[in-house]
Amino acid sequence: MECAKAIAFLGVNSGNINDYIFNRLTSNKALPIILIPTTCGTRSEGNGFAVLTNPENGDKKALRCNAIMSG
């Protein structure tokens with residue numbers, strides 16, 4: 001779900017995702033997404049955050065954009 005949100009965001013926004021995570025760039029645009037949760041309780045499908053892990057150091061940060069909230 002988090003990956004789908006990030007892909008929908010990067011599909012219409014150029015640049016490095018870290019620039020958006022650290023607020024060097026901003027955007028409230030994303031491709032439309034439909035998510036089917038397979039677990040209950042996380043509510044990730046109902047918020048505008050995508051928590052992503054940096055594979056180089058394991059650090060987790062959130063991409064924030066209202067457009068990545070599924071409905």
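Read-outs throughout are calculated quantities, based only on the coordinates presented, and are distinct from any laboratory measurement. Note that the structure is a prediction, hence the values are computed from the model and not measured. Don't worry about glycine lacking a Cβ; one is built from the backbone with ideal geometry, like all the others, and counts go over all protein chains shown.
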**OP:** Show me 51-57, 24-30, 62-68 ranked by packing, highest mean number of other Cβ atoms within 10 Å first.
**Re:** 62-68, 24-30, 51-57
Original post:
Residue by residue, what Karplus-based ³J(HN,Hα) values in Hz, rounded to whole numbers, does segment 33-38 have, using 6.51, -1.76 and 1.60 with θ = phi - 60° and x for Gly and Pro?
Top reply: 9, 10, 10, 10, x, 10
Subject >> Among (i) 3, 13, 20, 18, 15, 15, 12, 3, 0; (ii) 3, 16, 26, 24, 21, 8, 2, 0; (iii) 3, 17, 29, 26, 16, 8, 1, the entry that matches P(r) over Cα pairs in 5 Å bins from 0, in percent as calculated here >> reply: (iii)
**OP:** Please sort 1-10, 14-23 by packing, taking for each peptide the average over its residues of neighbouring beta carbons within 10 angstrom, highest first.
**Re:** 1-10, 14-23
**OP:** With runs of 4+ DSSP H residues as the only contributors, calculate the mean residue ellipticity of the chain at 222 nm using -39,500 (n - 2.57) per run, divided by the residue total and rounded to the nearest 500.
**Re:** -5000 deg cm²/dmol
Original post:
Size of the dipole of the chain about the Cα centre, Lys and Arg at +1 and Asp and Glu at -1 on the beta carbon, nothing else charged, in debye to 20?
Top reply: 180
Subject >> In sequence order, calculated HN-Hα J values of segment 10-18 (Karplus, 6.51, -1.76, 1.60; Hz; x Gly/Pro) >> reply: 6, x, 10, 10, 8, x, 7, 4, 4
